[in-house]
Amino acid sequence: MQNAAPDAQLFQLLSGLLHQVEALTNDEEVGLRSKIEALGLEVTKVPSSSTRHLDELEIAKELDKLSMKLDDVDEMISSTVASDPHVQSLLSASADERRNFAGPTGEGDARESEKAPM
């Protein structure tokens, strides 16, 4: 269950961004919110202990279904970002805040050293 915390963080981030988009646009995104919540429940769902063992083909089919759901969410997010300059601005500002908040990490140090004049 090591992936539970990153999954929760991802869906909190998505929910937070959606809330900011709704605040900026004064338009409630009911459909997108319900899809993000449903996907979050699906991803974080813990199988019951009585679950039968799936063979590789069944596992592959289930993974394909989840992948299609993720693709749908990605498509909705991408189309919203592409069509709304307010969302683009908000996401850019949010990315800047995350970079500043993250502080010096291995990845951040590499980016900073690329920017710094030698």
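The values are calculated or read from the model by the stated rules, or taken from the named source; none is laboratory data. Predicted model, so just to flag it, every value in this text is computed and none were measured. We place every Cβ from the backbone using ideal geometry, glycine too, and count neighbours over all the protein chains shown.
With 47, 6 as the choices, which residue is outside any helix (DSSP H, G or I), out of contact with any helix residue (DSSP H, G or I) (no Cβ under 9 Å at 6 or more places or on another chain) and at pLDDT below 80?
On the way: 6 fails: outside any helix (DSSP H, G or I).
Within the list 47, 6, the selection yields 47.
Name the residue that is surrounded by the fewest Cβ atoms within 10 Å (Cβ to Cβ), counting only residues in the stretch 50-87 that are modelled with pLDDT under 80 and polar (S, T, N, Q).
Once the filter is applied, the top-ranked residue is 50.
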